[in-house]
Structures are given as C-alpha cells and as structure tokens.
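Below is one structure, written out as structure tokens, with a few remarks after it.
The values are calculated or read from the model by the stated rules, or taken from the named source; none is laboratory data. Given the structure is predicted, the values throughout are model-derived calculations rather than measurements. Here the Cβ positions follow ideal geometry from the backbone for every residue, glycine too, while neighbour counts run over all protein chains shown.
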Ligand code: SF4
C-alpha cells in the first residue's frame with residue numbers, strides 16, 4: 001500500500017540535517033511520497049524505514065535485465081508518465097529481428113553489421129541493443145543454429161521468439177547464463193514457458209490480446225514465481241499500440257497496479273520504411289521499453305537512435321562537456337580563438353563546424369552548468385566578466401599570440417563588457433548560427 005508523506009515522515013530521523021538535499025525531513029518525506037527522491041539519499045534512515053519506505057517507494061515498473069553481463073540491456077524502472085515530471089530512466093532498447101530461415105551467410109553479414117553499428121553523438125555512443133531470432137521454420141535445429149550464430153556474431157543480448165517450447169529450450173541451453181528474453185508466454189502455454197524461464201533464469205514476455213487478459217496472465221506468471229516479465233499486447237495499428245502502452249503504464253504508475261508494472265515490448269515489422277519510422281517514433285515517445293524492427297537501414301535506425309537520445313536525456317541535468325580550452329585541428333599560437341558554453345550539444349555542433357571549415361582554432365568552453373548560450377547569458381553565467389575570468393585562469397594567454405576573441409552572435413551585447421574585463425583583447429562578434437561558422441572562419445583567416 002502506498003505510504004503518505006506523513007507516514008513516511010514518521011519513519012524518518014526528524015533531525016532536519018539537510019544532507020538529503022532538502023532542508024527538512026518533512027520536505028524529504030513529501031518528495032519520497034511523490035517518488036521524486038530515493039531513500040538512499042538519507043544516510044540516517046533506520047532499518048525499519050528502509051524496510052517500510054523502501055518497499056513503498058519501490059519503482060512501480062520492474063527493472064528487467066536482458067543479455068550477458070558484458071552487454072546487459074536494462075529496461076523498466078520508470079516512475080513518470082511524462083519526461084518533464086522527472087525523467088525517463090532506461091532508453092527504449094532497439095532490437096533488430098532475424099529469422100532462422102535466413103542463410104548462414106546472410107545472418108553472419110547482418111549480425112556483424114549490428115555489432116559495428118555505432119554512432120557517436122554529443123559524447124554518447126548510440127548502438128543497437130538487442131537481436132531477436134524468430135523460429136519461422138518451426139523446427140528446432142535451424143533455430144538453434146541461428147541463435148548460436150547471431151549471439152556469437154552480434155555480441156548483443158538475444159530475444160528468442162518461438163511457439164515451440166522444445167526449440168526454445170534447446171536455444172536456452174546454448175545461451176545459459178546470458179539472460180535471453182523468451183518470447184512469449186500466452187494464456188495457453190503459460191505453465192510450460194514459466195517453467196523454462198525459472199529453469200534457465202531468463203526473463204519472459206507475457207503476451208495477451210487485451211490489457212485485462214495481460215494482467216490476468218502476469219498475475220498467473222508471478223504466482224508461478226516468474227519475476228522478470230516483459231509485456232506485449234499485439235495491436236492492429238500504432239494508435240492502438242500507443243493506447244495499450246499508455247493504459248499499462250498509467251495503471252502501474254497511477255494506481256500501483258502490480259500486474260502491469262513491467263516494461264513493454266512493441267514490434268514495428270513488415271512495413272515500408274516511412275511507416276516503420278513513423279510508428280517507431282510514436283512508440284519511443286509513448287512507452288516502448290523494447291522496440292523490435294526488421295531492418296538495418298540507416299534511414300530507420302539512425303533517426304530512432306537520435307530521437308531516443310533526445311527523449312531519454314534527463315531534463316534536469318543538461319549534458320555537459322568539461323570546461324577548458326579545446327584545440328580543434330592543428331591549432332597553433334596564431335589560430336583564431338572562439339568561445340561558447342559547456343552545453344554538450346553546443347560544443348559538439350560548434351566544434352564540428354570548426355572541423356568542417358578546415359581552419360584550426362582554439363575553442364574556449366566556459367563553465368555554464370550545461371546551459372546553451374542564450375540561457376546561460378540570461379542566467380548571468382555567460383557574462384563578460386565570467387568569460388574573462390575563465391580565460392585568464394585557463395592559461396590561454398600564454399599559449400596564443402592571437403588577441404582576438406570571437407563570441408557567439410547571439411550575445412553581441414556582452415562585447416563591450418568583455419573588452420573591459422579582458423584588457424588587450426579585441427572582441428569580434430561571430431555568427432548567430434553554427435552553420436555560418438565555417439564561412440566566417442574562412443573569411444577571417446583570408447583577411
Ligand atoms: S538526510 Fe535524513 S535526517 Fe537529514 S534532513 Fe534528510 S531525511 Fe532528515
């Protein structure tokens with residue numbers, strides 16, 4: 001049963017020491033009740049409090065781990081309906097589907113592509129997380145051979161999809177200890193698949209036609225001892241899939257309804273690329289924990305990875321890069337000097353444009369708590385005196401002969417203040433848009 005803020009307060013030390021990040025135990029209790037804090041933030045919580053509050057503040061959606069220890073994918077543990085309420089926790093795992101009807105050469109080639117698929121964006125490595133092998137032949141041997149090939153070559157966690165319990169068991173034997181996700185228990189085969197999940201310590205997908213039938217199925221599986229469950233309600237179209245996902249999450253979060261408190265798997269397969277991208281985008285935004293696609297086309301995978309990264313970054317913690325002076329290209333003592341904030345996206349866009357220009361430059365990244373240029377300026381973090389102090393402390397003046405500092409066009413208004421705070425430097429107002437940096441730099445060095 002959910003504890004109220006007052007119930008929780010009674011279990012806290014009531015010393016108001018503030019070490020949990022809020023000034024009083026009552027304020028902390030309210031945050032715990034709203035699931036906006038974790039009890040671990042209070043170092044003085046008693047064992048009784050840990051027992052009682054820990055259980056009550058347990059994430060309403062179970063954390064499920066899939067795959068080998070060195071390439072584990074975690075899904076679930078979500079606590080909010082909307083990202084702006086706090087943050088989404090585990091990014092939608094992107095899975096690519098293969099079939100045991102594919103030739104060995106084709107599987108080898110495609111799984112190698114999965115392994116090598118890696119995009120670096122704003123300092124993060126974006127990858128395909130899981131592979132699904134479908135037992136389209138219905139036979140045991142081809143399924144086992146395909147699973148063996150795909151698991152070894154892709155290096156990713158595996159989803160085993162089959163209606164044949166014998167094929168599933170043989171595949172589970174060769175993946176023992178690697179926590180593959182079994183797909184799928186239905187009301188008809190629940191006992192047999194629960195036995196497999198327990199025997200091989202593997203997570204299990206529960207699949208039923210409606211949220212009510214699904215809740216009945218997960219209740220049965222939980223009663224049999226299966227804890228790590230992933231939900232699937234097949235839908236005829238993306239609107240229905242989004243509706244089911246929303247119903248399941250809402251029931252888990254708003255009413256603490258345990259039978260739907262698990263991550264969700266959705267399939268976007270057998271479609272044209274534009275339809276697949278549209279449906280996958282919808283489901284990444286609306287609660288897919290695992291999204292299975294049947295393509296490796298970069299027109300589908302790349303936009304989904306980027307969308308996922310945007311949705312699953314913590315809105316309370318801007319992604320930051322280390323504040324310092326970066327040398328872009330073979331910058332030397334005569335190279336131009338530019339300055340901007342330590343918001344990760346700003347850094348990667350600006351440094352990318354400098355690289356593209358072919359003009360080596362020094363890029364001064366000022367500590368601005370990860371804010372973008374205009375936000376930092378409005379908050380007083382990207383002011384003339386702060387930039388000047390940072391440049392003086394960085395030692396840049398002893399490294400370069402240049403005494404011209406290029407500031408972002410959006411903060412032209414700080415140029416006078418900066419010139420006063422940084423004697424001997426000329427302040428040049430650069431372009432507003434990063435896309436104009438390359439032409440600006442080329443013109444600057446041509447003068
Ligand atoms: S750290 Fe614990 S004791 Fe201190 S104010 Fe927070 S809840 Fe109270």
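Screening residue 49 against (1) outside any helix (DSSP H, G or I); (2) within 13 Å of the ligand (Cβ to nearest atom) leaves a single unmet condition, (1).
Evaluated against (1) surrounded by 15 or more Cβ atoms within 10 Å (Cβ to Cβ); (2) away from the ligand (no atom under 16 Å from the Cβ); (3) in contact (Cβ under 8 Å) with a residue 24 or more places away in the chain; (4) over 22 Å from residue 133 (Cβ atoms), residue 42 falls short on exactly one condition, (2). Scanning segment 55-72 for residues that are away from the ligand (no atom under 14 Å from the Cβ) and touching a helix residue (DSSP H, G or I) at 6+ places or on another chain (Cβ under 6 Å), we see that the one that is farthest from residue 179 (Cα to Cα) is 60. Residues considered: 65, 52, 14. Of these, the only one that is free of Cβ contacts under 8 Å to residues at least 12 places away in the same chain and either surrounded by fewer than 18 Cβ atoms within 10 Å (Cβ to Cβ) or more than 26 Å from the chain's Cα centre (by Cα) (or both) is 14. For segment 326-351, name all the residues that are farther than 24 Å from residue 395 by Cβ and in contact with a helix residue (DSSP H, G or I) (Cβ under 8 Å, 6 or more places away or on another chain). Matches in segment 326-351: 349 only. Residues of segment 6-39 that are modelled with pLDDT under 90, away from the ligand (no atom under 12 Å from the Cβ) and part of a helix (DSSP H, G or I): 33 alone. Can you say whether residue 70 is in a helix (DSSP H, G or I) and assigned by TED's automatic domain parsing to the domain that holds residue 283, as far as the supplied structure shows? Here the answer is yes, as residue 70 does meet what is asked.
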